[in-house]
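Asker: Mind looking over this structure? Questions follow.
The values are calculated or read from the model by the stated rules, or taken from the named source; none is laboratory data. Predicted, not measured: the structure shown is a model, and the values here were computed from it. We place every Cβ from the backbone using ideal geometry, glycine too, and count neighbours over all the protein chains shown. The accessibility values were calculated without ligands, DNA or RNA, using every heavy atom of the protein model including side chains. Shrake-Rupley method; radii C 1.70, N 1.55, O 1.52, S 1.80 Å.
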Amino acid sequence: VQLQAFGGGLVQAGGSLRLSCAASGRTFNTAGMGWFRQAPGKDRKFVATLSGSDNATYYADSVKGRFTVSRDNAKNTVYLQMNSLKPEDTAVYYCAARSSSGSTIFRHLYDYWGQGTLVTVSS
């Protein structure tokens, strides 16, 4: 089972990026999925989560209204659309998956992790 996150890069403040998380080895179409980020020298923090049962979403206050998490079941891929990016969004972004369908903000409840993709937002 493998998750691969990609789509990061350098973008100016106010710009947009779309991160992708491609899964292989099993289907994650009904799995709870999450995105986390880790800024330099800081702990990994919750960004967004997506339920595997009803696709309900939940976001950290810092990204609410700017980021959108979604999935494409045909491609076994989850996305994080990031708009109106700010310098404080700079971090390595990780996708994660659960063995169950529930969504959660808690890092330790995720069973699979991608390798991370770097997002840098310049001011």
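Asker: Using only Cα positions of the range 24-122, each an equal point scatterer, no hydration layer, compute I(q)/I(0) via Debye at q = 0.10, 0.18, 0.23, 0.25 Å⁻¹ and quote the log10 values to two decimals.
Answerer: -0.24, -0.79, -1.26, -1.44
Asker: Karplus couplings for the range 108-117 from phi (6.51 cos²θ - 1.76 cosθ + 1.60, θ = phi - 60°), rounded to Hz, Gly and Pro as x?
Answerer: 3J(HN,Hα) across the range 108-117, in whole Hz: 6, 8, 8, 9, 10, 10, x, 8, x, 9.
Asker: Another question, if that's okay. Enumerate the amide H contacts of Arg71 below 5 Å, restricted to partners 5 or more residues apart or on another chain; note that Pro and chain-start residues carry no placed amide H.
Answerer: Residues meeting the amide H criterion: Tyr79.
Asker: Then there is this: For Leu85, what residues show an amide H to amide H distance below 5 Å, using hydrogens built from the backbone and excluding near sequence neighbours?
Answerer: For Leu85, the qualifying residues are Gly14, Gly15.
Asker: Pop out the carbon and sulfur fraction of the accessible area of the chain as a percent, whole number, probe 1.4 Å.
Answerer: Of the solvent-accessible surface of the chain, carbon and sulfur hold 48 percent.
Asker: Something else now. Please go through the range 1-100 and write out the trypsin sites (Lys or Arg not before Pro) that DSSP classes as loop and that have at most 12 other C-beta atoms within 10 Å.
Answerer: Answer by residue number: Lys42, Lys64.
Asker: To continue, here is another question. Once a ≥ b ≥ c are taken as the square roots of the eigenvalues of the Cα gyration tensor of the range 74-123, is the result rounded (a/c under 1.5), prolate (a/b larger than b/c) or oblate (a/b not larger than b/c)?
Answerer: Details: a/c = 2.30, a/b = 1.86, b/c = 1.24.
Judged from the Cα gyration tensor, the range 74-123 comes out prolate (a/c at least 1.5, a/b above b/c).
Asker: Which residues does the label zone of Asp72 cover in the range 18-37, counting backbone N under 20 Å from a point 7 Å along Cα→Cβ?
Answerer: Only 18-35 pass the distance filter.
Asker: Residue by residue, what Karplus-based ³J(HN,Hα) values in Hz, rounded to whole numbers, does the range 89-105 have, using 6.51, -1.76 and 1.60 with θ = phi - 60° and x for Gly and Pro?
Answerer: Working through the residues one at a time gives 7, 4, 4, 8, 9, 10, 9, 8, 9, 9, 7, 9, 8, x, 8, 7, 8 Hz.
Asker: Further, regarding this structure: Out of residues 5 or more away from Ser103 or on other chains, whose amide H comes under 5 Å of its own, with H placed 1.01 Å from N in the peptide plane?
Answerer: Gly52
Asker: For Cα pairs less than 8 Å apart in space and 6+ apart in sequence, what is the mean separation divided by the residue count of the chain, i.e. the relative contact order in percent?
Answerer: Reported as a whole number, the value is 37 percent.
Asker: Could you derive backbone 3J(HN,Hα) for the range 20-33 from the dihedral phi with the Karplus parameters 6.51, -1.76 and 1.60 (θ = phi - 60°), listing whole Hz in sequence and x where the residue is Gly or Pro?
Answerer: Coupling constants for the range 20-33: 10, 10, 9, 9, 9, x, 6, 8, 10, 4, 10, 8, x, 10 Hz.
Asker: I've got another one for you. Determine the gain in length on full extension of the stretch Gln81-Leu109; use 0.36 nm per residue of separation and subtract their C-alpha separation, reporting nm with one decimal.
Answerer: Computed gain between Gln81 and Leu109 is 7.8 nm.
Asker: Counting only heavy atoms of the protein chains, get the accessible area per residue of the chain (1.4 Å probe) and round it to a whole Å² value.
Answerer: On the way: 6130 Å² over 123 residues.
Here the per-residue accessible area is 50 Å².
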